[in-house]
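The values are calculated or read from the model by the stated rules, or taken from the named source; none is laboratory data. Because the structure is a prediction, the values reported are computed rather than measured. Note that each Cβ is placed from the backbone with ideal geometry, even for glycine, and that neighbours are counted across all protein chains shown. These area figures cover heavy atoms from the full protein model, side chains too; ligands, DNA and RNA do not enter into them. Shrake-Rupley method; radii C 1.70, N 1.55, O 1.52, S 1.80 Å.
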Amino acid sequence: MFPRRPTVKAAPRAGADAPNAVSGLDVAKVTRRFGRTLALDDVSLSLGPGEILAVLGASGCGKSTLLRLIAGLDVADSGEIAVGDRRVAGRGCHEPPETRGVGLMFQDYALFPHLTVLANVRFGLAHLPGAEARRVAEERLAQVGLAHRADSYPGTLSGGEAQRVALARALAPRPRVLLLDEPFSNLDAGTREHVRADTLAVLRRDGIGAILVTHDSAEAIAFADRIALMHRGRVVQCDSPERLYDAPRSPFAARALGDIIEIPGQAVDGLVTTALGPLPRPASMPDGAVRVCLRPEAIRLGPVGEGVTATVLGRAFAGAHLRLDLVVAGRDAPLRLHVPPEAAPGDRVGIHLLPARAYIFAETPPGERISTI
Amino acid sequence: MRETMSAARGLGWVGAAALAALLLSPVISLGLSASEGGGELWPHLAAYVLPQAIRDTALLLAGVGLLVIGLGTGAAWLVSAFDFPGRRLLDAALLLPLAMPTYVVAYAYLDLMHPLGPLQTGLRGLLGLASPRDLPLPDLRSLPGCIGLLGFVLYPYVYLPTRALFLMRAGTLLEAARMLGAGPWRTFLRVALPLARPAVALGTGLALMEALNDVGAAEFLGVRTLTVQVYATWVNRSDLPGAAQIALVMLTCVVALVGLERLARGGRGYAGNARRDAASARRRLNGWRAGAALALGAAPVAFGFLLPAGHLAFEAWRRIGGHGLPDALASQTLNTILYASVATGVTVVIGLLVAATPYLLGARAGRMLIRAAGLGYAMPGTVLAVGLLGPLALLDSGLFEVGIATALVGLGTGGALVIAYALRFLTVTVGASEAGLARIPRAIPDAARVLGRSRLATLTTIQLPLAWPAVLSGALLAFVDIAKELPVTLLLRPLNVETLSTHLYGEAARGTYEDGAAAALLIVVIGLVPVTLLLRLDRDAVLRRGERL
Amino acid sequence: MSYLGKTGFWAGLCLSLGLSGTAGAAEVNLYTTREPGLIRPLLEAYAAKSGVKVNTVFVEKGLAERVAAEGARSAADVVMTVDIGNLIELVDRDLAQPVRSPVLEAAVPAPLRDADGRWFTLSMRARVLYADKGLTDLKAATYESLADPSWKGKICLRSGQHPYNTALISAFLVRHGAEKTEAWLRGVKANFARKAAGGDRDVARDIAADLCEVGLANSYYVGLMRSGRGGPDQQKWGEAIKVVLPIFEGGGTHVNVSGAVVAKNAPNRDEAVKLLEYLVSDEAQALYAKTDYEYPVKAGATIDPLLASLGTLTFDPTPLVEIARNRKAASLLLDKVGFDN
């Protein structure tokens, strides 16, 4: 009834003969609806050759849908996707996943339980002659340090091993782009760290471009050249981790990459005044209420008299640091800071703010999309 | 935006359309027959027939439904949640009634329960009574009698899927429930039963369609169901249009009820994977409790199988002593196995393709094809067979016109019979394959696609091997059903072909069904092989999946 | 499996599935609603005598539909059915062809065949009264008298919608008209000892069990039971009853018939006629009587002693065609009085 192989013209697997093929990915104005839910709303992204991009967002923000669209497992309602210089989706065309040259690693690895580890890795090498396929698969397996498990079944692997097999399997056909869907979230904290490092090393060495979907900001920072921050189906900001950390364009972006202390302020004259003291007013900021987002490192404690005075309410031991709860006039909730262990309840301290890690946004609810600075 | 149409997918759509046409053809053909008649039958039906027929049919279905759910789920829980000596044997034996045609059980039971039968004769002997008049017991030939009989024969349809579900889930459930201080029976009522709802609904649906479409047992026991009315209209009045009208109205009701059930169930299907075998958590019973459990579990086997089969065996033994085995029995057995094997193969392949349509061609096409696949089981066998006559004839004349055929190649050949079997029992293999495929996490086939395999290649290399145990269990069930199938076989088989069930029916129809006892037992034996395989397979599959997924 | 074995298997499969046609010696194809056990001895005797291969298929419900659907290329040569209604239906649906045969016309009395030769009766069975042995005064029993209230709680019957009973009721309808028939049916139903259910032999069994005292059933079951061919239990049932040939008031005993037609598109028409001619020969008619305890149609053919012992059969003169024409009305009437409920 059906021929064994798809009869659509099979594109050459990316880099089948050129290990470090220059390739990238372009996603342009992609929209995907599920019934009434707008899962992806006009999303555009691009990935340079060999670049590693993290897509960061809470669950349900559309990041997995984005991966499925890129992989060809789902069809967008509008927009275009190109792998390298080849359009694979958009304007009436939808290339099936098997010919896109895109690799995908699944959250729970999706190893085929009825095939051995080696057969799993070989699975994507059907286009190679048998002996060659076997050699490549064994090589890949050795690369992730699992040559000795070649004949095991996936059910007998530990979580870390399964992850590495999945990586080897995804990389074996030398995809132009590797998509990773929360690939480390099922690992325990200890394993996660070094598996992540190993994975990164493999990608870097082979120069494979990758998109990592994650909800863990630390992971995104550690892994990616750039981070695309997603919220409710939209890309809110896409920048290098440093820039995203240092120059968030919205309170949402500010919150995404690290702890934030948020306080209200007023922009008047050349200053923004807050309960914790004044900050320089950004040039473009209009008069009126603003929201100030402070990284913890933007708050400096000093002796009483310097800056705003605060009283230590309580302290708790937290390893290298001491966690302090401070009461400040004009602020209802205590201010919680981690500082070197020097203060005691009842002490009074002075607070002043460092403008470099303080981000000021006009208070226009929902405010997320208004960029200041 | 559609996926770029490849030649393979184009072929797939053509195949799906052809299959849909085949699945719908009996209904369309019946519709054409129905439209030849006017509505003059309905005032008569409404005045004299429907009030009684609908009431009796509803009572029959309600009674059989309650009985099969009670027996099927109770037995499934008993063998999943407890361990006692004889449990494994019981586990297998509980499926045995599947192999018994209902009308044969009805005959056997009347022999046994009749005032002249061994039970009442023995009872009168014990009580010292001379005449049956002194011991008036309720007659089996009644609605309650029919309900009891069908319930005890049909409960395996519920037992089988429910047991499979419990085997996968019982371990975790029992442990969780035990942590919360609930005993096995409370766990059964509050947790297991609601959880097993999809399986119970599936099995009960099959059992009720069997009950509704049954005509042999019901007619013999004097129960006037709607189906019996279809036959009276058709056979006694030569009113095929009228009969087709009643049959179509019934079919519409069945389809609507199935749809409602699906709707009420929402998206809940067989979810989750096995992680724990029930064995680890089974509660060990000892002493009188073990005896009681065994007795409780053995009761449905005794009533649904041992008593009638034992009676048949006794009769067969008396016959063989008297006349020897009928000569034709060997060829009938061979025919039965041959047809059942070929038809099962076809039914499994088509069933698998239908169940895979959502993956191959998309969810909407899949849903429609899967619904259409259920039609053949939702109507009485003879009605299906009559509905197929027209389409098969059309096929024949089509082939004749283009010069491929010079004689009949559809009608009156084994091919027609195989097609009819496939249409009748497609829902069995589709259901099993569907369940098997649904248990595979979506990421698994997705991974294969991304690794360069087409949809079809993914189906054959990944989904099929993983769903195999479920597919095979559907195949075995279909095999048993086909081996004992009667009405379709009777109407559509070629010249000179007798199967065990047509032979048995031939004897039964002339009032000498005991002469067919050997054939009836052979049907049971042929049915036993797959039933035994089914159990072994189920156990292995559950263990293996637990280890791998 | 060896190569030959494999080929053999597939060849066997194809043959059995009917995928390959065979031609050769003279053949005749018989479609029948008569149970194979009943006609096999006849067909075997014919095959042995004539060398013609008789291919049979036993179809019950839907035989006419199948032959109709097969149409011009149907393999059916002879279509054999029980019940006159089914025979006439074949004619009404234009599935039979007229046959002129001096042999058939001489053997089968005119009332038992179509004037144009489109159907022929081959054997007959009387619808007789099974009664408790203790009952006397049944000599002149009539069908009409079964509605008499004195039988209250004493009658056992199979479903009225079974063709045997429907034909009897149809004959009643032809004789007495709808009103009287309806009243009679209500009367009989009021006398039931149990629901209309089971088969004809169950009438004997239930009488033997004292559940009831009388009931209607076919004559040949008496032979089948009493001969011991159905086993020792059935023999007891047969012995427990006495059999009376009831009559219609002013008429005779109702018989239902088995018969045959030559199919309209018979590929082996001549063989079909020869088979029918054989079936009414002395030899075949005697076999009918001997193996099936049926009444032969041919005058002077031997009747089985068991059958003869029931008494002399006086056929009811109601034309068979009329019985066939009225069976639908009879069936509707059965619904109306809720006979089977």
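For segment B:1-150, would you read off the P(r) tail past 26 Å as a percentage of all alpha carbon pairs? Within segment B:1-150, distances greater than 26 Å cover 64 percent of Cα pairs.
Distance from the Cα centroid of segment C:260-281 to that of segment A:103-176 is 73 Å (rounded to whole angstrom). Residue by residue along B:488-500, Cβ atoms of other protein chains within 10 Å of the local Cβ number 5 on average.
Treat chain B as a sphere of radius equal to its Kirkwood radius over Cα pairs and apply Stokes-Einstein at 4 °C in a medium of 1.567 mPa s; give the translational diffusion coefficient in µm²/s, rounded to a whole number. Here the translational diffusion coefficient equals 52 µm²/s.
Above 53 Å, the calculated P(r) of the protein assembly as shown contains 40 percent of its Cα-Cα pairs.
For the protein assembly as shown, a crude dipole built from +1 on the beta carbon of Lys and Arg and -1 on the beta carbon of Asp and Glu, taken about the Cα centre, is about 2400 debye to the nearest 20.
Using a cutoff of 8 angstrom between alpha carbon atoms and counting only pairs six or more residues apart, the relative contact order for chain A works out to 15 percent.
Normalised by the number of residues in segment B:316-549, the mean separation of alpha-carbon contacts (under 8 Å, six or more apart) gives a relative contact order of 28 percent. Each residue of segment A:150-157 is assigned a 3J(HN,Hα), and the resulting list reads 3, 9, 7, 9, x, x, 9, 8 Hz, derived from the Karplus form 6.51 cos²θ - 1.76 cosθ + 1.60 (θ = phi - 60°), x at Gly and Pro.
Using a simple spin-label model with pseudo-atoms 7 Å out from Cα toward Cβ, A:Thr311 and C:Ala110 lie 13.2 nm apart.
Whole-Hz Karplus values for segment C:202-216 come out as 5, 4, 5, 4, 6, 5, 4, 8, 6, 6, 8, 10, 9, x, 9 Hz, taken residue by residue from phi with 6.51 cos²θ - 1.76 cosθ + 1.60 and θ = phi - 60°; glycine and proline positions read x.
Paramagnetic label reach from B:Leu66 (point 7 Å along Cα→Cβ; backbone nitrogen cut-off under 12 Å): within segment B:120-145, residues B:144.
Rg and Dmax, both from the Cα atoms of segment A:36-132 and both in Å, are 15.7, 50. Mean projection of the Cα convex hull over all viewing directions, computed for segment B:45-118: 7.8 nm². Dipole of chain B computed with +1 at Lys/Arg Cβ and -1 at Asp/Glu Cβ about the Cα centre; of B:Gln245, B:Ala290, B:Ala365, farthest Cα towards the positive end is B:Ala290.
For segment B:314-396, the fraction of C-alpha pairs more than 22 angstrom apart is 55%. Taking R0 as 45 Å, what's the FRET efficiency between C:Glu179 and B:Val349 from their Cβ-Cβ distance, rounded to 0.05? The formula returns an efficiency of 0.15 here. When only the Cβ of Lys, Arg, Asp and Glu is charged (+1, +1, -1, -1), the dipole of chain A relative to its Cα centre reaches about 980 debye. Seen from a random direction on average, the alpha-carbon convex hull of segment C:103-142 projects onto 4.4 square nanometres. Only the Cβ atoms of Lys and Arg (+1) and of Asp and Glu (-1) were treated as charged; on that basis the dipole of chain C about its Cα centre amounts to roughly 440 debye. For the segment B:141-147, counting C-beta atoms of other chains within 10 Å of every residue's C-beta and taking the mean gives 2. Per residue, chain B exposes 37 Å² of solvent-accessible protein surface, assessed with a 1.4 angstrom probe and all protein chains in place.
The 3J(HN,Hα) values that the Karplus relation (6.51, -1.76, 1.60; θ = phi - 60°) gives for segment C:241-253 are, in residue order, 10, 10, 10, 10, 8, x, 9, 6, 4, x, x, x, 7 Hz. Gly and Pro appear as x. Segment B:196-254 and segment B:502-528 have Cα centres spaced 23 Å apart.
Surface composition of chain B: carbon and sulfur atoms hold 69% of the protein heavy-atom accessible area at a 1.4 Å probe. Ellipsoid semi-axes for chain A, based on the Cα gyration tensor and the rule √(5λ), read 47, 25, 15 Å when sorted largest first.
Here the ratio of the Cα radius of gyration of segment A:251-362 to 2.2 N^0.38 Å is 1.07.
Subtracting the Cα-Cα distance of B:Ala46 and B:Cys253 from their residue separation scaled by 0.36 nm leaves 72.9 nm. Based on C-alpha pairs under 8 angstrom that are at least 6 apart in sequence, chain B has a relative contact order of 22 percent. For chain A, the share of accessible area belonging to carbon and sulfur comes to 52 percent (1.4 Å probe, ligands and nucleic acids excluded). Ligands, DNA and RNA are left out, and with a 1.4 angstrom probe the accessible area of chain C is 37 Å² per residue. Label separation (C:Lys133 vs B:Arg283): 5.9 nm, computed from points 7 Å beyond Cα along the C-beta direction. Partner shielding of A:103-110 amounts to 5, given as the average count of beta-carbon atoms from other chains within 10 Å of each residue beta-carbon. Sorted largest first by accessible area at a 1.4 angstrom probe radius, with every protein chain in place, the residues C:Lys236, B:Lys484 fall in the order C:Lys236, B:Lys484.
Determine the equivalent ellipsoid of segment A:25-246 by diagonalising the alpha-carbon gyration tensor, then write out the semi-axes as square roots of 5 times the eigenvalues, largest first, rounded to whole Å. Here the semi-axes work out to 28, 20, 15 Å.
Shown here for segment A:164-233: trypsin sites (Lys or Arg not before Pro) in loop regions (DSSP other than H, G, I, E, B) with at most 14 other Cβ atoms within 10 Å, of which there are none.
Placing unit charges on the Cβ atoms of the charged side chains and taking the dipole of segment A:25-246 about its Cα centre, the candidate lying farthest along the positive direction among A:Leu67, A:Thr199, A:Ala142 is A:Leu67. When the alpha-carbon atoms of chain C are used, the pair Rg, Dmax equals 21.5, 76 angstrom.
Summarising the label geometry, the points placed 7 Å from Cα in the beta-carbon direction at C:Ser227 and B:Ser142 lie 3.7 nm from one another. The C-alpha radius of gyration of segment B:77-217, expressed as a fraction of 2.2 N^0.38 Å, stands at 1.36. Rounded to 0.05, the FRET efficiency of the B:Ala299 and A:Arg255 pair, given R0 = 56 Å and the Cβ-Cβ distance, is 0.30. Pairs with C-alpha atoms separated by more than 32 Å, drawn from the list C:Lys236/C:Lys290; C:Lys61/C:Lys298; C:Lys180/C:Lys242; B:Lys484/C:Lys274; C:Lys195/C:Lys328; C:Lys53/C:Lys298, are B:Lys484/C:Lys274. Rounded to the nearest 5, the antiparallel percentage of DSSP beta bridges internal to chain C is 65%.
Segment B:Val525..B:Arg190, full-extension length gain: 116.8 nm, with 0.36 nm per residue of separation and the alpha-carbon distance subtracted. Going by accessible surface with a 1.4 Å probe and the largest first, A:Thr37, B:Thr458 read A:Thr37, B:Thr458. The largest accessible area among A:Cys93, A:Cys61 belongs to the first residue in A:Cys93, A:Cys61, and the rest follow in falling order (1.4 Å probe, all chains). Estimated from the Cβ-Cβ distance and a Förster radius of 56 angstrom, the FRET efficiency linking A:His215 and B:Leu24 is about 0.70.
With Cα atoms defining each centre, segment C:126-151 and segment B:299-373 are spaced 46 Å apart in the structure. As a ratio to 2.2 N^0.38 Å, the alpha-carbon radius of gyration for segment B:316-549 is 1.17.
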